[in-house]
Every structure is written in structure tokens, then in C-alpha cells.
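Heads up, the thing below is written out as C-alpha cells.
The values are calculated or read from the model by the stated rules, or taken from the named source; none is laboratory data. Just so we're clear, the structure is a prediction, and the values are computed from it rather than from any experiment. Heads up, the Cβs are rebuilt from the backbone with ideal geometry, glycines too, and the neighbour counts pull from every protein chain shown.
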Amino acid sequence: MVWAQASTAQIHGVVQDSSGAAVPGAEVKAIQTETGVSRTVTSAADGGYVLTNLPIGPYRLEIAKDCFTKYAQSGISYK
């Protein structure tokens, strides 16, 4: 048997406020830090999001919505 390695990745999660309530309609952006290429999705009614078919590499995740503090996380890496 031969196992192929994936050439893409995905980032998924749930956007929640400080009380744990879902935040629908938040803009979730993944930026590949080596190339600057980005992909953006909007969180669903349950706060969930999935960014699929991302090229392998390091990412920065940014989440923003009006009336909320912008969230950013660097150092997300897929090799």
C-alpha cells in the first residue's frame, strides 16, 4: 500500500463571544504568511466556519465582526 500525503489543508472552528455564545456573520480570514494569499469565509448561524483546500504552509488567522475586538493568531502551520 502507498499512502499519499495531502497537498492541501483546512482550518475549521467556531467563533464565540466571551460568554461562549455563537457569533454568526463574523469574517474569518486565513492568510498564508509566505505568499500573502488569503481566503475568507463568514461564520454560520452556529458560529462555525471551514476554510478548505488551503495550500500547505504557515498561516495567520484573523476574525472580525463589528462591535467585537478583532482576533488574530499567527503560527498556524501545515507542512
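What to note about this one:
- Entry remark, the range 35-79: residues being among the basic types (Lys, Arg) and either touching a residue at least 24 places away in the same chain (Cβ under 8 Å) or outside any loop (DSSP other than H, G, I, E, B) (or both) number 3 in total.
- Each residue in the range 5-34 was checked for being of a type in the set (A, V, I, L, M), surrounded by 14 or more Cβ atoms within 10 Å (Cβ to Cβ), out of contact with any Asp or Glu (no Cβ under 8 Å at 6 or more places or on another chain) and assigned to a loop (DSSP other than H, G, I, E, B), and 2 of them qualify.
- Pair list, Cβ < 8 Å and 6+ apart or interchain, from the range 15-27 residues that are at positive phi to residues that are surrounded by 14 or more Cβ atoms within 10 Å (Cβ to Cβ): GLY25/SER43; GLY25/LYS65
For (1) farther than 14 Å from THR8 by Cβ; (2) hydrophobic (A, V, I, L, M, F, W, C); (3) out of contact with any His (no Cβ under 9 Å at 6 or more places or on another chain), each residue gets a yes or a no:
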| position | (1), (2), (3) |
| --- | --- |
| ALA26 | yes, yes, yes |
| ALA30 | no, yes, yes |
| VAL41 | yes, yes, yes |
| TYR49 | yes, no, no |
| TYR78 | no, no, yes |
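- Number of residues in the range 45-67 that are modelled with pLDDT of 95 or more and more than 13 Å from the chain's Cα centre (by Cα) equals 4.
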